[in-house]
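Novice: My structure is below; once you've seen it, I'll send some questions.
The values are calculated or read from the model by the stated rules, or taken from the named source; none is laboratory data. Since this is a predicted model, take the numbers as computed values, not measurements. Cβ placement follows ideal geometry from the backbone for every residue including glycine, while neighbour counts extend to all protein chains displayed.
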Amino acid sequence: MLSFLIRKVKKFTNKIVIVTGASTGIGRETALAFAAAGARVVAVARNAAQLQEIAGDTILAVPTDVTCDDDVNRLVETTIAKLGRVDILVNNAGFGIRATVENTAFADAQRLMEVNFFGVLRCTQAVLPQMKKQGSGQIVNVGSILSLLATPRNSLYCASKFAVRALSDSLRIELRGTGIDVILIMPGYTDTPFFENQVRYGGPVRIGPMKGVHPRTVARAILCACARRKREVVLTIPGKFGAFLKRWCPRFLDWTLARFT
Ligand SMILES: NC(=O)c1ccc[n+]([C@@H]2O[C@H](COP(=O)([O-])OP(=O)(O)OC[C@H]3O[C@@H](n4cnc5c(N)ncnc54)[C@H](OP(=O)(O)O)[C@@H]3O)[C@@H](O)[C@H]2O)c1
């Protein structure tokens, strides 16, 4: 156990890691976990006060809106100016909309895609020239189990996460031989402010009494995926079971989702 931990710590010593959506939830735990494992972390989100809570010797807070070109360019310029390189980008910023396809306001749909999909594209395009110059790097995209199966009243969110999976798959092939890995993390239900932050058109904040995993579990999976250079990781037992049903019993999955979500 101890040797595993030491190996893991060594793996990230002096690595420069950008984590988007680091003010709360999975991103915050991921920033803290990389910092604890020896990395120098650039923590990114819009809420500067929340970023400051984790800022310190190993975590630099750079308030950034991932929907804004100027912000994202400034983020990468600041990282390179202060820390010299970018080893890992974790594209984690995102939010959800709980509404039927019919009722979703177009403006909400566009804003969601702007953060969950174009935010990933924008940050990825901004770091790629530097990673190519280095001849190494890792781009970690936080999708969801909903990158693999779609649930009702969640269509735009699912569409954004399917799109992140497609982008990851294409990019991984395009980057073959460059030394840059593309890793897709697909968390299941995780206990974060995500549900409170969703744009909701009615209905409760959380569906059902099921408890999600702690965001630290997802953070650990991200570090482990980077250390082992994995392609994809599906998290949580219900998440894995859902992916299994989608593949082998899609009609039964639809019936279950219609009844229980
Ligand atoms: N919780 C789950 O069950 C679950 C499951 C699967 C996947 N995920 C995914 O995991 C990721 C993190 O979610 P979470 O659960 O940790 O939720 P969260 O606590 O609500 O975190 C979302 C983060 O995204 C940031 N963000 C939102 N819009 C942004 C923007 N325009 N620019 C920069 N940052 C922005 C938020 O910070 P600011 O508001 O300060 O900008 C916050 O730090 C998301 O991509 C989500 O889709 C979550």
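Novice: Need a quick list: helices (runs of 4 or more DSSP H) entirely within segment 69-159 having at least 3 residues that are polar (S, T, N, Q).
Specialist: 69-83, 118-134
Novice: Suppose we keep only residues that are in a loop (DSSP other than H, G, I, E, B) and under 20 Å from the mean Cα position of the chain (by Cα) within segment 234-259. Which one would you say is farthest from residue 31 (Cα to Cα)?
Specialist: Only one residue tops the list, namely 236.
Novice: Mind checking whether some residue in segment 112-119 is within 16 Å of the ligand (Cβ to nearest atom) and crowded, with 24+ Cβ neighbours inside 10 Å?
Specialist: Among the residues of segment 112-119, at least one is within 16 Å of the ligand (Cβ to nearest atom) and crowded, with 24+ Cβ neighbours inside 10 Å, which makes the answer yes.
Novice: Let me confirm something: among 172, 98, which residue is under 30 Å from residue 248 (Cβ atoms) and touching a residue at least 60 places away in the same chain (Cβ under 8 Å)? Give the steps one after another, and end with the answer.
Specialist: Details: 172 fails: touching a residue at least 60 places away in the same chain (Cβ under 8 Å).
Being under 30 Å from residue 248 (Cβ atoms) and touching a residue at least 60 places away in the same chain (Cβ under 8 Å) holds for just one of 172, 98, which is 98.
Novice: Next question. Given the structure, is residue 231 loosely packed, with under 15 Cβ neighbours inside 10 Å, under 15 Å from the mean Cα position of the chain (by Cα) and away from the ligand (no atom under 16 Å from the Cβ)? Before the answer, list the steps.
Specialist: Details: loosely packed, with under 15 Cβ neighbours inside 10 Å: yes; under 15 Å from the mean Cα position of the chain (by Cα): yes; away from the ligand (no atom under 16 Å from the Cβ): yes.
Here the answer is yes, as residue 231 does meet what is asked.
Novice: Also: Name every residue in segment 133-164 that is among the hydroxyl-bearing types (Ser, Thr, Tyr), over 16 Å from the mean Cα position of the chain (by Cα) and under 21 Å from residue 108 (Cβ atoms), in order of residue number.
Specialist: 151, 155
Novice: Answer yes if at least one residue in segment 188-197 is in a loop (DSSP other than H, G, I, E, B) and closer than 24 Å to residue 121 by Cβ, and no otherwise.
Specialist: Yes, the conditions are met somewhere in segment 188-197.
Novice: While we're here: Could you run through segment 7-30 and say how many residues are at pLDDT 95 or above, more than 10 Å from the ligand (Cβ to nearest atom) and hydrophobic (A, V, I, L, M, F, W, C)?
Specialist: Initially, segment 7-30 is screened for residues at pLDDT 95 or above, giving 12-13, 15-30.
Next cut, more than 10 Å from the ligand (Cβ to nearest atom) only: 12-13, 15-18.
Still in the list and also hydrophobic (A, V, I, L, M, F, W, C): 12, 16-18.
Within segment 7-30, residues that are at pLDDT 95 or above, more than 10 Å from the ligand (Cβ to nearest atom) and hydrophobic (A, V, I, L, M, F, W, C) number 4.
Novice: What are the pairs, 6+ residues apart or on separate chains, where a residue within segment 143-158 that is farther than 15 Å from residue 184 by Cβ has its Cβ under 8 Å from a residue that is among the aromatic types (Phe, Trp, Tyr) and more than 11 Å from the ligand (Cβ to nearest atom)?
Specialist: 150/162
Novice: Scan segment 9-34 and report the pairs whose first residue is closer than 20 Å to residue 136 by Cα and whose second residue is of a type in the set (D, E, K, R) and more than 8 Å from the ligand (Cβ to nearest atom), with Cβ atoms within less than 7 Å and a gap of 6+ or a chain change.
Specialist: From residues that are closer than 20 Å to residue 136 by Cα, the pairs are 14/40; 15/87; 16/40; 16/85; 16/87; 17/87.
Novice: Next question. It is to be established whether one or more residues within segment 191-213 are surrounded by fewer than 18 Cβ atoms within 10 Å (Cβ to Cβ), under 21 Å from residue 102 (Cβ atoms) and among the β-branched types (Val, Ile, Thr).
Specialist: Checking segment 191-213: at least one residue is surrounded by fewer than 18 Cβ atoms within 10 Å (Cβ to Cβ), under 21 Å from residue 102 (Cβ atoms) and among the β-branched types (Val, Ile, Thr).
Novice: For the condition touching a residue at least 24 places away in the same chain (Cβ under 8 Å), farther than 21 Å from residue 94 by Cβ and of a type in the set (D, E, K, R), what is the one hit in 229, 247, 251? Break it down into steps so the answer makes sense when it comes.
Specialist: Details: 247 fails: touching a residue at least 24 places away in the same chain (Cβ under 8 Å); 251 fails: touching a residue at least 24 places away in the same chain (Cβ under 8 Å).
Residue meeting the stated conditions: 229.
Novice: Go through segment 70-86 and report how many residues are out of contact with any helix residue (DSSP H, G or I) (no Cβ under 8 Å at 6 or more places or on another chain), more than 11 Å from the ligand (Cβ to nearest atom) and charged (D, E, K, R).
Specialist: Total meeting the criteria: 4.
Novice: Restricting to segment 59-69, and then to whatever is touching a strand residue (DSSP E or B) at 6+ places or on another chain (Cβ under 7 Å), within 15 Å of the ligand (Cβ to nearest atom) and of a type outside the set (Ser, Thr, Tyr), can you tell me which residue is farthest from residue 95 (Cα to Cα)?
Specialist: Per the stated criteria, the residue is 59.
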